[in-house]
Amino acid sequence: SIEDRDLSSLFLLASTAALFSPSLKERFLELLPNRVITDSIGSSETGFGGTSIVAKGASQAGGPRVTIDKNTVVLDDEGNEVKPGSGVRGIIAKRGHVPVGYYKDEKKTAETFRTINGVRYAIPGDYATVEEDGTVTMLGRGSVSINTGGEKVYPEEVEAALKGHPDVFDALVVGVPDARFGNHVAAVVAPRKGTRPTLADLDAFVRKEIAGYKVPRSLWLVDEVKRSPAGKPDYKWAKEQTEQRPADDVHAKHAGATS
């Protein structure tokens, strides 16, 4: 266990790429109260974008909240900077030293590197809101968001809530077809050894952290969640799990609703 390790030389834990879940950060802070934990955001296209020092007792809802650098902004649908505290969801953009583009990929270059109101930006596709104090709360990547009954759900928020459950080792969230809502939220979960969480267990737990429409309506259990060597989620793999076999557990209202 961690209590048996000599951690006297450990000063800082840095979380980036695949960020630590809120429950894991809380556990770190309980065991290592005098250490520093940071969340940092960025991408290959933008470089460093912002960072924050994780505080004990911070809300587990939503994504990480970071202080962005002077060249990182959040833009609304019209290309204007989102006003702090407005509650408007916008897309994160980086100006300044912006790459020329992707090698021999004009389509992806045009999608990611855009000129808006005369300013050239790198826009990887991450959405966020801007708080009253100017810090930014990450929501997630638009390309993997789920539209369910007209509401947009970012998988990262739901995954963070799921991973707070004591029986969940890892989890990914995807959308699956639903005759009523177009899609509903589905969870692909790797349980902790010796456990088998049910949808009812997870439902009751995550409703304390996220809105009802974001709660998973179906559940697939797997031995291991597939991620890249850097820890980034493989949503294509997760989607395939939901297509290859029936769910292990389905909410009663959705038992016959998938198309």
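Each reported figure results from applying straightforward, stated rules to the coordinates on display, with no laboratory input. Just so you know, these numbers come straight off a predicted model, no measurement behind them. Backbone-built Cβ (ideal geometry, glycine too); neighbour counts: all protein chains shown.
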> Once the mean 1/r over all distinct Cα pairs of the range 2-142 is inverted, what Kirkwood radius in angstroms do you read off?
Replying inline: 16.5
> What spacing in nm lies between the two simple spin-label points modelled at residue 203 and residue 190, each 7 Å away from Cα in the Cβ direction?
Replying inline: 2.7
>> Multiplying the sequence separation of residue 3 and residue 95 by 0.36 nm and subtracting their Cα-Cα distance, what value in nm do you get?
In response: 28.7 nm
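Order of 101-113, 217-229 by packing, highest average Cβ count within 10 Å first?
217-229, 101-113
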> Between the range 78-108 and the range 194-234, what is the C-alpha centre distance in whole Å?
Replying inline: 30
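For the chain, what Kirkwood radius comes out of the mean inverse Cα-Cα distance, in Å?
Details: mean 1/r = 0.0506 Å⁻¹.
Its Kirkwood hydrodynamic radius stands at 19.8 Å.
Give me the extension gain from residue 227 to residue 133: residue separation times 0.36 nm, minus the current Cα-Cα distance, reported in nm with one decimal. Each step should come with its number before you reach the end.
Values: separation 94, 0.36 × 94 = 33.84 nm, distance 3.42 nm.
So the chain would gain 30.4 nm between residue 227 and residue 133.
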>> Less than 18 Å from a label point 7 Å out along the Cα-to-Cβ axis of residue 86: which backbone N atoms in the range 114-145 qualify, by residue?
In response: 116-119, 126-139
> For all pairs of alpha-carbon atoms in the range 116-259, what percent lies in each bin of width 10 Å, listed from the first bin to the last filled one?
Replying inline: 11, 40, 33, 12, 4, 0
>> Just to be sure I understand: with springs between alpha-carbon atoms less than 10 Å apart, which residue in 194, 96, 79 has the highest mean-square fluctuation in the Gaussian network model of the chain?
In response: 194
> Size of the dipole of the chain about the Cα centre, Lys and Arg at +1 and Asp and Glu at -1 on the beta carbon, nothing else charged, in debye to 20?
Replying inline: 300
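Is it possible to state the helix-based mean residue ellipticity at 222 nm for the chain, with each DSSP H run of 4+ residues giving -39500 (n - 2.57), the sum divided by total residues, to the nearest 500 deg cm²/dmol? What is it?
On the way: 5 runs with 43 residues, N = 259.
So the calculated ellipticity at 222 nm is -4500 deg cm²/dmol.
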